[in-house]
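A short write-up of the structure that comes next.
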Amino acid sequence: MKKVYIETMGCQMNKSDTERMLGMLSHFDYVETKEPREADLLMINTCSIRQLSEDKAYSAIGLWGKWKKNKPDLKIGFCGCVAQQKGEALFKRAHYIDFVLGTHHIYKLPEIIQRVNMGEKVCECEESHSVEDDCAKDYPITRVKSVNAWIPITEGCNNFCTYCIVPYTRGRERSRLPEIIMKEAKDALAQGYKEITLLGQNVDSYGKDFQDKHYRLAQLLQDLNAIEGKFRIRFVTSYPTDISDELIDIVPKLDKVCEYFHIPMQSGSSEVLKKMNRRYDRETYAKIVQKVRDNVKDVTITSDFIAGFPGETEEQFVETLTAIDEFELDYSNTAAYSPREKTVAAKWVDKFIDEDVKVERLKRLNDKVKENCLKSNKKFIGREMEVLIENFENHKGKNVITGRTRNNKIVHIPCDTDRTGEFVNVKITGAKTWYINGELI
Ligand code: SF4
């Protein structure tokens, strides 16, 4: 057996790809190690959402290159979004890399390893338009030990928001076949996973590329919901204007589908949204959020926001802060704008916001997110809720189990027994900024 170490950066999609790559390698006699110095094969699964993540990847492999001087058989693979974007140029940047594997061809990994072992340098980074190339292969998956199994349902994105690198790194939107998703879900449940999270840059576009135009996310949720047993289903991420009425209607009718929507708004200003090439304005977003709240009881709605998009004025930034209040967004991921090569907004250099202004806006944005998160958590004090336990740990000298409610609130519960993987009923007793406290009933 040979040892492989994979360093994973970035989003859940990359983490899911790593699980698949480890699964394939296990099929070809590689075993995972958490200790990079022990590995025969070192791989980095990179993220290019911000320059900082890209720089971190280069610095990590720099160290690996030094190790290779004393261990010439060591193989180094550069994978993921930065690989997809930069391709062969990476060999010039770091001559010790043995293979470059973009996001579209991770299923070629076993073949690539064979070629690399024969002494070839390999680069697989062409864009794929076929679900067969990058999604549909039936290899084992080495999932992270957890209660939740991530299952990608779409790859890529067609939206071309002006700040976003995803269409260039993950390609055009491709939906995975329902039978493959169903099989992966059943396999994960048989292995003891208690939650299935469907993953995609835009899950609401699921099925748009199928010949059968009637099989969309709502139908997939119904099919998954019909699988026997006690488990939960989640889905992320939703593009606001792609959330169909059919989906909003079906969620409360399916007992396993959780009351949780992640709907990135990105800016509270309609003018900025237009420059971002988002296909909605503030009013449209407000209507969608309201429709979800009206139909799905106790729903948690989370979002993403960018501070300091090129040309953003102070007034426009303040509209983002007021949007978080007005739409009662329960939590939001935040980031300062980072220009990404190839994207439209990266060319608007004369409109770039000064770094110190971006940092200051990001701080105010984070303060607003914290304030609303606490407000949202307080709403549940006194309620009885079902929690799926994910962890058992000693927290500040006390034994606690932690888990999530159906609507994705993290709950800390005093308990001396490890109940990971169980559904427990809890009375909510208090609220902190990032979690709520509860007691077993
Ligand atoms: S919809 Fe999301 S993934 Fe697609 S281009 Fe826009 S921000 Fe990027």
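Any read-out appearing in this document is the output of simple, stated calculations on the displayed coordinates, not a laboratory observation. Nothing here was measured: the structure is a model prediction, and the numbers come from that model. Heads up, the Cβs are rebuilt from the backbone with ideal geometry, glycines too, and the neighbour counts pull from every protein chain shown.
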Notebook entry, point to check: Rounded to the nearest 500 deg cm²/dmol, what is the calculated helix-only ellipticity per residue at 222 nm for the chain, with -39500 (n - 2.57) per DSSP H run of length n ≥ 4?
Noted result: -10000 deg cm²/dmol
Notebook entry, point to check: How many angstrom lie between the C-alpha centres of the range 149-210 and the range 340-414?
Noted result: 23
Checklist line | Within the chain, percent of DSSP bridges classed antiparallel, to nearest 5 | finding: 35
Item checked: Radius of gyration, Dmax [the range 2-126; alpha carbons; angstrom] -> 12.9, 35
Checklist line | Neighbour-limited loop hits for trypsin sites (Lys or Arg not before Pro), the range 258-311 (at most 12 other Cβ within 10 Å; DSSP other than H, G, I, E, B) | finding: LYS297
Margin query: How big is the dipole moment of the range 335-441 about its Cα centre under a simple scheme where the beta carbon of each Lys and Arg is +1, that of each Asp and Glu is -1, and everything else is neutral? Debye, nearest 20, please.
Written below: 440
Item checked: Charge dipole (debye, nearest 20) of the range 20-85; +1 at Cβ of Lys and Arg, -1 at Cβ of Asp and Glu -> 220
Next item on the list: With unit charges on the beta carbon (Lys/Arg positive, Asp/Glu negative), name the residue among ALA218, ASN159, TYR435 whose Cα is farthest towards the positive pole of the charge dipole of the chain.
Entry: TYR435
Item checked: Residue order, fewest to most surrounding Cβ atoms within 10 angstrom, among HIS262, HIS395, HIS104 -> HIS395, HIS262, HIS104
Next item on the list: Take the eigenvalues of the Cα gyration tensor for the chain, scale each by 5, and report the square roots as semi-axes in whole Å, largest first.
Entry: 34, 28, 23
Note to self: Can you report the principal axis dimensions of the range 121-271 using only the alpha carbons, biggest first, rounded to whole angstrom?
What the structure shows: 48, 42, 32
Note to self: Please enumerate, by chain and number, the lysines with C-alpha under 25 Å from the C-alpha of LYS183, excluding those fewer than 8 residues away in the same chain.
What the structure shows: LYS15, LYS108, LYS137, LYS145, LYS194, LYS208, LYS213, LYS230, LYS253, LYS256
Notebook entry, point to check: Which three extents, in whole angstrom, do the alpha-carbon atoms of the range 132-378 cover along their principal axes, largest first?
Noted result: 53, 43, 35
Item checked: Net dipole in debye of the range 58-128 [+1 Lys, Arg Cβ; -1 Asp, Glu Cβ; about Cα centre; nearest 20] -> 460
Margin query: Please rank ASP304, ASP204, fewest neighbouring Cβ atoms within 10 Å first, as an exposure proxy.
Written below: ASP304, ASP204
Check: Out of GLY382, PRO140, GLY77, whose Cα points farthest toward the positive end of the dipole of the chain (charges: +1 Lys, Arg; -1 Asp, Glu; placed on Cβ)?
Finding: GLY77
